[in-house]
Amino acid sequence: MGAEDEPREELLGLVRSLTERVRLDGELRKPLCYLTRGKGGVEMPAAGAQEPAVERSGVEVSTLDPVLAELGDCRRCPLGGLRHRLVFGEGNPGAELVFVGEAPGADEDAQGRPFVGRAGQLLTKIIAAMGLKREDVYICNILKCRPPGNRNPLPDEIAACEPFLIRQIEAIRPRVICALGSFAAHTLLKSEAPISVLRGRFDRYQGIPLMPTYHPAYLLRNPGAKKQVWEDVQAIMKLLREGT
């Protein structure tokens, strides 16, 4: 691509991002205030005014809007051309606890929401057993698009998505992170140790306590591991009660 093509590509990228933002805001029934024109151009909020809080599944997500806007209609890896819906994440943008999974599955790809299939239903039960609701926590994945056939994420796919996960966590500033499964734990901790070795003890991710544990999908196949997961989430609950 020549230098003369760079402004055009940049403009196309901005158009794609705005198009995805408008689509998502329409689904969230968010007023498209940035498309309302006043005198001399786009209407801007008054000095000192804050953007109204937006609701997604009953919880505010306004603090994550800049991350979502930058992600846009992502085509940074080939998965962008294969997905039905991008799965950004959902929950409380001020959550004390963030769950990070591996990647969307078929149900998530269809609905654009994380952990809504059988594994997601089990995660919801785990959250309830902790005395919390889904809207109290934040739930997301390493990848924002579904790999074909639910195969394992590839290194280039993780590399394309991880910067947005980092920005999500930076925006939320949780007190604790729970990494669900091997890929989430390996990506966040930069470790290749088996999840059976990593689970059960806190590590640190950018200074935040991180507890690796088994993925809910693993529990569906191996229900005997639920005891270990319950031990892990009890340790998280204890840390949240006592402070970091």
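General remarks:
- Protein accessible area in segment 179-244, 1.4 Å probe - carbon and sulfur %: 53
- ³J(HN,Hα) computed for each position of segment 209-217 - Karplus, 6.51 cos²θ - 1.76 cosθ + 1.60, integer Hz, glycine/proline x: x, 10, 10, x, 8, 5, 6, x, 5
- Peptides ranked, highest mean first, by Cβ atoms within 10 Å: ranges 222-231, 71-80: 71-80, 222-231
- Segment 136-156 and segment 200-232 have their alpha-carbon centroids 17 Å apart.
- Positive-end extreme of charge dipole, segment 111-216 - chosen from 163, 214, 131 (charges on Cβ): 131
- Think of a 1.4 Å ball rolled over the protein heavy atoms: segment 192-244 then has 56 Å² of accessible area per residue.
- Net charge dipole, segment 107-213: roughly 340 debye, given to the nearest 20, about the Cα centre with Cβ charges of +1 for Lys and Arg and -1 for Asp and Glu.
- Given charges at Cβ of Lys, Arg, Asp, Glu: segment 88-234 dipole, positive-most of 195, 150, 224: 224
- Prolate/oblate/rounded label for segment 112-179 (Cα gyration tensor, a/c 1.5): oblate
The values are calculated or read from the model by the stated rules, or taken from the named source; none is laboratory data. Just so we're clear, the structure is a prediction, and the values are computed from it rather than from any experiment. Positions of Cβ are backbone-derived with ideal geometry, glycine not excepted, and every protein chain shown enters the neighbour counts. For the accessible areas, the whole protein counts, side chains as well, though only heavy atoms, and no ligand, DNA or RNA atoms are used. Shrake-Rupley method; radii C 1.70, N 1.55, O 1.52, S 1.80 Å.
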